[in-house]
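Have a look at the structure below before the remarks.
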Amino acid sequence: MRSAKRGDRAEELLEEVIARLERLEGLLKSISADPTTQLALDLVIAFQIPALKAVEMARRISDLAASIGDRDPISMAIIEALAVSDKSMSISELTRKVREVRGTASRRIVTQRVRALEKKGLISIIKAGKSMRVRLRR
């Protein structure tokens, strides 16, 4: 009698676990379809930042990306790198960060994209002598 009750209880628990796993699987499928969540995951991997900060940054980047119109990968990588950073960056620093995200980037192309993003009002360029520092507009 006792073993029958244990068997029934074990079966109930297994059915509950299976139901939870199915709900979790559905949730994971819906999350992976969300571009903001995917971007947050990419930020965590590329910049080793905490997940909560990555989600906040991904939302901000998505809002900024909507105003870009043409979402070329280098401009998006520039925005990602600047969004994650708490300070302004030189073109060389920014190019290194873009390389971390994309694998390749040239100073010339990064400079071109930075100027285009400045014209769109998304970033600020601070000139100091011959050098310039770049940051997202707040």
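At a glance:
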| quantity | calculated |
| --- | --- |
| Neighbour-count order for Ser62, Ser75, fewest beta carbons within 10 angstrom listed first | Ser62, Ser75 |
| Cβ charges +1 (Lys, Arg) and -1 (Asp, Glu), total dipole of the chain, debye | 1120 |
| Selection from Val134, Thr36, Ala54 lying farthest towards where the dipole of the chain points positive, charges on Cβ | Val134 |
| Residue-count net charge about Leu14 - beta-carbon cut-off 12 Å; Lys, Arg +1, Asp, Glu -1 | -3 |
| Straight-distance crosslink candidates among aspartates and glutamates, where the alpha carbon sits under 16 Å from Lys130 and sequence neighbours closer than 8 are dropped | Glu93 |
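Rule-based calculations on the coordinates, nothing more; no lab input. All values reported here derive from a predicted model rather than from experimental measurement. Using ideal geometry, Cβ is built from the backbone for each residue, glycine included, and neighbour counts are taken over all protein chains shown.
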